[in-house]
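Below you'll find the structure, written out as structure tokens, and then a few comments.
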Amino acid sequence: MAEATANGDIAPDEHRSASGQLLAADGTPLKKSIRRSEARARLRAFLLVAPLLIFVLLSFIAPIADMLFRSVENEIVADTLPRTVEALDAWDPQTGPPPEPVYRAFYDDMLEATELKIHTRLGSRLNYEESGMSSLFRKTNERRLERFDLDQPLQPQFVDLDKDWGEVEPWAVIKTFAPRYTWGYFLQAADMRLTPGGVEMAPEFEQIYLKLFWRTILLSCTITLSCLLLGYPVAWLLSNLPARSANLLMILVLLPFWTSLLVRTSAWKVLLQEQGVINDILVYIGIVSDAGRLVMINNQTGTIIAMTHILLPFMVLPLYSVMKTIPPSYLRAAKSLGATDWTAFWRVYFPQSVPGIGAGAILVFILAIGYYITPELVGGTDGTFISNRIAFHISTSLNWGLAAALGSLLLILVLGLYWLYDRIVGIDNVKLG
Amino acid sequence: MSLKLKMMMAGAGIAGAAVAGAAYAADELPACEGCADSMTVVSWGGAYQNSQQKAYSEPYAEMTGVEFVWDESSNEAVAKLRAMAEAGNITWDLVDVVASDAMRLCDEGLAEEIDFDSALAEAPDGTVATEDFGEMIVSDCFVPQIAYSTTFGYRTDVAEWNGETPDDICDVFDLEAFPGKRALEKRPINNMEWALLCSGVAKEDIYDTLETEEGQAQAFAKLDEIKDSVVWWSAGAETPQLLADGEIVMGSTYNGRLFALIEEQKQPVAMMWDAQVYDLDGWIVPAGLPEDRKARVMHFLKFATDTQRLADQAKYISYGPARQSSAPLVGQHAELGIDMAPHMPTNPENATNTFLYNYEWWADYRDDLDAKFQAWLLR
């Protein structure tokens, strides 16, 4: 091909345009042609990943965004009682029950709400904040409201319907939770309360979530550590045995993977319970007395044992794939240079296996921190995780706002720990093989 | 030979007629105009769902040819229905839930309100449904099927008890006379009431007491006495399993589970009916179903909650039918051949001291007390 100089005395051939641009076979400028074909390749690549991208967007990003939104969303109060919220704006809870116009506005709002049968929903929502709101709103139904005499003051008639409507509390709760967005759920998730007087700590005997978060982290760390202690020698053995026995061992590591999670957890119940296999053996050989059987299940011990077992493969596999790449000759070289077994391992082998430890630990820790079936089944009261409370608020109490706030905090926590890990160990130092 | 065959056929004919007499005669079932020809029913699975299939859906399917799809999701029905309603795609036609969940669904506007007298069948003597169900109707959206109770089972072979057996709810709190582990449900409902009852509060004052901080503290103090000896359960199947394994000496669970443990599996376990708490289980129809599916559900519902059908269900499980008119029709267990009446929680001998789950009160205080209860468990 001709040299592309801008020199005018080289006659333009068929591969050049009049201005000296390179042309493709079809006569379009080469640059444009290349750009077009690159764009086509990019489009093709994009189309190939598009299904995955759409899947991740729909099934992962969107739900998380929705969850984050739910944890602050509080439109139900202002939507159901728009006039009341406005009328309560000027009212100060310190001055006693609200004035008559508030009751008028409330009457109009409730008349519409009861017709649409959405007043009980609001009652359930406000009952999360103050016990008794649920039945108060259910009682204030269409039938009762229609009997009101609008020419008389409404306040006594509401008090007549239920004396609580004459108190300050229900109105204060409505006023406090009137804004369309609230930090109330997040405060609750951190054992605090949003009250008319501002934010305050929940009473000591009601604090639960901070303890659970702390316990979740602590137990997850313990589980990660015990997975590492148990998994490291196994991975070392796997990577150093001859292929045949290594394969057999590998099957033993993978076997639990092929068994249902529930079966594995229930098996631990049979093994660990007080009248279980392990205790029976210990009593039989006389290590513990019949009255002093060990309590190993329905507590933290049960959670740690069962979850270590379940998550062990997630530690062994990354460790194994990293150790497989460490040439055995390094260890031999170290020893031939006079290192003891321990020094050779600690100074030569171990540092090279650190990326595997990092990958395994992150994998196990992140799986453990969100686990919920196993702690629920074997955790008793002191071996349950924050995820068990999240599940409770999703499926039983229906307090999705609080569940979302707890979930968001858990997400923030994990991201925070990830950042910390990156700062201390470095995320580049993680290898899956 | 042929005579014998004829006689057998005649016999079968008579038996068939008897069955048809007990059930709806096929032509008695009114036709269903513009109805969907399949329906998705949600229940609890296990022996309970089986009893519903035997008593309700199989006879109905035989008469109408409707195809039933069963979904065993009742324990998370409230959350799932809410999610379905938000997504605008309700795939369930009829959902079996406990009364407290039904009230919640009704409050949330997720369940259809039902006009009992027009939608449900009359009793054979012409009593309208609202009267026949009586006080079992606890919500506008909820058609009760059965009354069950949460009560205690205990092992009959505990040597340390010196031949004594617990017959009083307070024996659960008595670790000296009845040492050993107990199983209680991991939630405040029932446990708080029992604790107050055994710390000297009169039955009629229990909920007033429980509304106050002092009353709650009193209940927790009573539970503290046995806290170290309690295994907390969250699924109804746990207590029977723990009793069978000898892990616990007594525990609360649903009476039908204990019936199966005692009568079907012949375990050395007996029932303690004192202070049993009645609860109701029944149907709700999700709000906003398309016309044809709703018509089919209402048609089935009328059939499945009539006097005979509710009595039939008691052949398969020891739960009491919710209609008064069904009680005299309760017969023997379909396979074991034992009389079911003495095993019903409503049997007068069992029902000397009972509670009815206070739905209204718990709807108000559940969120608050549950948080306190969980915090207490963590202590």
query: A:L294: open to solvent by 60 Å² or more (accessible area, probe 1.4 Å), assigned to a loop (DSSP other than H, G, I, E, B) and not acidic (D, E), yes or no?
result: yes
- prompt: Identify, please: which residue in region B:342-360 is surrounded by fewer than 18 Cβ atoms within 10 Å (Cβ to Cβ) and of a type in the set (A, V, I, L, M, F, W, C) and is, among those, nearest to the other protein chains (Cβ to nearest Cβ)?
  reply: B:L356
statement: In the set B:A244, B:A270, B:A311, B:A295, the lone residue that is among the small types (G, A, S), over 30 Å from B:L196 (Cα atoms) and touching a residue at least 24 places away in the same chain (Cβ under 8 Å) is B:A295
field: Single condition B:R309 does not satisfy, out of (1) under 17 Å from the mean Cα position of the chain (by Cα); (2) within 14 Å of chain A (Cβ to nearest Cβ)
entry: (2)
- request: Having 3 or more residues that are open to solvent by less than 70 Å² (accessible area, probe 1.4 Å) and within 13 Å of chain B (Cβ to nearest Cβ) is the bar; report the helices (runs of 4 or more DSSP H) wholly within region A:82-186 that clear it.
  value: A:119-127, A:133-139
query: Looking at (1) within 37 Å of the chain's Cα centre (by Cα); (2) of a type in the set (K, R); (3) within 17 Å of A:L161 (Cα to Cα), which is the only condition A:R70 fails?
result: (3)
- prompt: Can you find a residue in region B:98-112 that is more than 21 Å from A:L116 (Cα to Cα) and part of a loop (DSSP other than H, G, I, E, B)?
  reply: no
- request: Starting from region B:345-368, take each residue that is free of Cβ contacts under 8 Å to residues at least 12 places away in the same chain and list its partners that are part of a loop (DSSP other than H, G, I, E, B) and aromatic (F, W, Y), counting only C-beta distances under 9 angstrom and pairs at least six apart or across chains.
  value: B:D367/A:Y128; B:D368/A:Y128
- prompt: Is it true that some residue in region A:312-333 is in the same structural domain as A:I424 (by TED's automatic domain parsing) and either in contact with a His (Cβ under 6 Å, 6 or more places away or on another chain) or closer than 30 Å to A:Y284 by Cβ (or both)?
  reply: yes
- request: Hey, could you check region B:69-90 for residues that are without any contact (Cβ under 8 Å) to a residue 24 or more places away in the chain and farther than 18 Å from B:K294 by Cβ and say which is farthest from the other protein chains (Cβ to nearest Cβ)?
  value: B:A87
- line: Just one listed residue, out of B:K181, B:K186, is within 12 Å of chain A (Cβ to nearest Cβ), open to solvent by 50 Å² or more (accessible area, probe 1.4 Å), closer than 30 Å to A:V295 by Cα and charged (D, E, K, R), and it is B:K181
- request: Any chance you could count how many residues in region A:372-416 are in contact with a Gly (Cβ under 6 Å, 6 or more places away or on another chain) and away from chain B (no Cβ under 13 Å)?
  value: 1
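The values are calculated or read from the model by the stated rules, or taken from the named source; none is laboratory data. What you are looking at is a predicted structure, and each value in this text was computed from that prediction instead of being measured. Note: ideal-geometry Cβ built from the backbone for every residue, glycine included; neighbour counts use all protein chains shown. Remember, those area values only see protein heavy atoms, side chains included, never the ligands or the DNA or RNA. Shrake-Rupley method; radii C 1.70, N 1.55, O 1.52, S 1.80 Å.
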